[in-house]
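Readers should treat all values here as calculations from the given coordinates under stated rules, not as data from a laboratory. Since the model is a prediction, treat every value here as computed from it, not as a measurement.
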Amino acid sequence: MELLSDENIQALKDIFITISGVTFSLIVVLTFVLVGWFIVWRMFLLRLPLVRELVYGSGDESKTKVKPLRRSVRLKEKQHPHLD
């Protein structure tokens with residue numbers, strides 16, 4: 001039994017073609033899904049107030065000063081409110 005016989009080479013070619021086809025198909029499908037999602041996002045979803053509020057927050061909060069996330073900074077602001 002020879003390692004590089006014609007049958008083994010043909011089997012390796014078939015495996016390579018199969019893996020390449022599956023990989024290429026996944027790339028094409030994911031590309032279409034991502035491009036489609038981007039188009040739907042820009043054209044439709046971004047115009048809905050609920051989606052905008054979920055993603056960017058409410059309009060009232062965006063106009064006011066955003067509070068820092070760290071607790072120590074918030075405590076310092078409470079102790080010294082005139083430093084704003």
message = I need the phi-derived Karplus couplings for segment 33-46: 6.51 cos²θ - 1.76 cosθ + 1.60, θ = phi - 60°, integer Hz, Gly and Pro marked x.
response = 5, 5, 5, x, 4, 4, 5, 5, 4, 6, 8, 10, 5, 5
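Tell me, in nm to one decimal, what length is gained between residue 47 and residue 3 on full extension, where the rule is 0.36 nm per residue of separation less the Cα-Cα distance?
Working: separation 44, 0.36 × 44 = 15.84 nm, distance 6.25 nm.
Extra length available between residue 47 and residue 3 comes to 9.6 nm.
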query = Taking 0.36 nm per residue of separation and subtracting the Cα-Cα distance, what length does fully extending residue 38 through residue 20 add?
reply = 3.8 nm
